[in-house]
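Here the structure comes first, spelled out in structure tokens, and everything after it is commentary.
Read-outs: derived from the displayed coordinates by stated rules, not from any lab. Keep in mind that what you see is a predicted model, and the values were worked out from it rather than measured. Cβ sites come from the backbone with ideal geometry, for glycine too, and all protein chains shown count toward neighbours.
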Amino acid sequence: MQHWQQPSYEPYLPVTEKSNPITRDIDRANPEEIVQMLQKCDAEIFERTSHGNPMYQTLCSSSVVQTIVEVSKRVEVILKDPEDSLIVLSGCGTSGRIAFLLATSLNRWLASHHQKQIYSYIIAGGDKALLTSQESPEDDPFLGALTLDKACVGKKHVLFIGISCGLSAPFVAGQLDFCLRNLKIITPVLIGFNPVDMARTEPIQNCSFHFKEIAERMNELQKQKKAYVLNPAVGPEAISGSSRMKGGSATKVILETILLAGHEAACNNKAITFNGILHSLNKFEKVHQITYSHTKELAALVEKAAVSLRRKGHVYYLGWQTLGIIGIIDASECIPTFGAGFEDIRGFVSNGFSEMNNKEGDLSSLGPHFIIDHKDFVHTILPNLSDNDTVIFLYSENDDLNEVSALAKSVRQHTSNLHAIAHELTGLSDPDRMRSQFMAVLTIKWPSSLHKYNPVLMKQHCELSTKWCLNAISTGAHVLTGKVYMNYMIDLRVTNSKLYRRAIHILKRFTGSTQAYCETALLRAIYGIEELSDGMSSTNVTQHTLVANERGSVVPIALVMLQSRGTIAEAKSYLDAYSVIRDAVAACQRLL
Ligand code: F1P
């Protein structure tokens, strides 16, 4: 049995919030060790057995595979009769971004085959949330239901897939509740990575249900094939609670398996079978093995990115097609996860918003966070680029390699610190010509046996592989610059109720203080005052998170205050003096 599966291991936390024993000392590891730890953590996604623990099912458990078969058949039915039908993929944060990526990619594929585009995506906070973290709408079940209601107008058959890795987001709970009230039209599917017993039970404001109640009702309805719950345990995240990592990857694997099986059944008459689904999941496991067989090269990129961040330089991902979008997503998630600055890691995609193809169109007028086109990079960033910055190109053999070369040439005039992650699919291109353009190229060669020249599958594999590489680079770089304490995201932004609870847990974990004491320290840090007024302590969590959204480093400040029994100003001065949060805490403890 895995250590984290034992009932006594962090018993009060759901799997998705537990700390992973593999990465306990990640903050003391070197780049190669970091990548090896991430490799092991990600391998847990494909764990074959739950080691006799009946509490957990895994991705390859027969009950999970069977549910994937059933849901794929629903997709097949809709694709065969697309009139008045819709498949909605929805989620918050990373889950919504994965929903967006899949819905837009598959709609594009359908359009290119002159078929009706039947996919739609919903992300809490709207399209702005694709590029920036908009976590407060996640707490709003009514907004979730309303957005889904609007999407379903005029439809007679809807397959709704709601994703909440932690089985926790009120936005998704509200949508699922809406589905349960409209089962004649909508079949709801819930994807997440906790057993239903561990779904969130915290009351939702102005709401008669909580997440667990909804998940339980869906579990019951699954017997009548009216609703489905897909919730394998894939193990705790490498950085505790950071569901952008395993949660996002496992969501991608499950959804792509379902949707591809549905498409192949509808378009190529390929029957959806248990073994076929298992085979597809095994292919994704192979993607994991192939990607992480490049540990040394990946570790070298982690190191380069960390050096850039340490020198107050930047990391830029320049990608083509959806690989560029994967880059933008990875970069944008560093801000709420590590308390990173917006300029630290940034992503750009060729053709910007026309490549994104998002519902709300070009968002570039909303400000610098929404500037994502390679052309913008060339105009605004390139002139000031230096060797302190790390530039990483993301492309595959299917991209316009002349365009890749031309941009590489321009970048080389400013920095030699230019790298690439390149996907070789057929081996028909001239890799040597491309290799000479970069300081180093991490070339991932895909055996044709894996995708049999199926372009959709090839693309999905390259995307997941790129996601793993970039998650490793951005996480590793922040770990090496001291932004993680053991395996906790200590400088998280406290912008919704889930993150508020996580912040208090982190403070309890490191100080051993009581819940009430930790919450008071957190509120002092959020409001920037030593003495809380009565009104402040009693204000609701939403109010606290709105204020926290405007403040930086509230958890590190609260932690140092608790450890040193000092004031806010003293805590801030420790943190200013030490860039590594663990060092700041150690220093203030030495003085006690
Ligand atoms: C949704 C989410 C995460 C994000 C952060 C806040 O989580 O936005 O994607 O990383 O943890 O919550 P979930 O509903 O998928 O569990």
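Details
- Dimensionless Rg ratio for the range 490-589, taking C-alpha atoms and the 2.2 N^0.38 Å reference: 0.97
- Loop-located GluC sites (Glu not before Pro) in the range 19-94 (DSSP state other than H, G, I, E, B) with a sparse environment of at most 16 neighbouring Cβ atoms within 10 Å: Glu83.
- Quotient of C-alpha Rg and 2.2 N^0.38 Å, computed over the range 16-124: 1.45
- Under 11 Å, Cβ to Cβ, from Gln515 - net charge with Lys/Arg +1 and Asp/Glu -1: +1
- Since only His294, Asn275, Ala265 are under comparison, the one whose Cα sits farthest along the positive direction of the charge dipole of the range 258-332, derived from C-beta charges on Lys, Arg, Asp and Glu, is His294.
- Förster radius 41 Å - calculated FRET efficiency between Ser112 and Gln6 (Cβ-Cβ, nearest 0.05): 0.25
- Close amide H contacts of Tyr485 (hydrogens built in the peptide plane, cut-off under 5 Å, sequence separation of 5 or more or a different chain): Ile490.
- Annotation note: GluC sites (Glu not before Pro) in the range 435-532 located in DSSP loop regions with a Cβ neighbour count of at most 15 within 10 Å are Glu530, Glu531.
- Considering only Leu102, Ser62, Tyr488, and ranking their Cα positions along the charge dipole of the chain that arises from unit charges at the beta-carbon of Lys, Arg, Asp and Glu, the one farthest toward the positive end is Ser62.
- Cα-centred dipole magnitude for the range 292-370, charges only on beta-carbon of K, R (+1) and D, E (-1), debye, nearest 20: 320
- Here the range 308-335 is scanned for amide nitrogen atoms under 19 Å from the site 7 Å beyond the Cα of Asp387 along Cα-to-Cβ, giving 308-316.
- Highest to lowest packing among 195-206, 171-182, scored as the average C-beta count within 10 Å: 171-182, 195-206
- Of the residues Ile186, Tyr316, Met434, the one whose Cα sits farthest toward the positive end of the charge dipole of the chain, with +1 on the Cβ of Lys and Arg and -1 on the Cβ of Asp and Glu, is Ile186.
- According to the Cα-based calculation, Rg over Rh for the chain is 0.95, with Rh computed by the Kirkwood formula.
- Helix screen, the chain: DSSP H segments with Cα axial length of 20 Å or more and mean Kyte-Doolittle hydropathy at least 0.0 are 62-80, 94-112, 246-268, 295-310, 321-338, 455-480.
- Computed about the Cα centre, the dipole magnitude for the chain is approximately 820 debye when only Lys and Arg (+1) and Asp and Glu (-1) carry charge, each at its Cβ.
- log10 of Debye I(q)/I(0), alpha-carbon scatterers only, for the range 296-423 at 0.10, 0.21 Å⁻¹: -0.29, -1.37
- Cα shape, the range 335-377, gyration tensor, a/c 1.5 rule: prolate
- Peptides 53-60, 555-562, ordered by how many other C-beta atoms sit within 10 Å of their residues on average, highest first, read 555-562, 53-60.
- For the range 495-551, a simple Cβ point-charge model (Lys and Arg +1, Asp and Glu -1, everything else neutral) yields a dipole of about 400 debye relative to the Cα centre.
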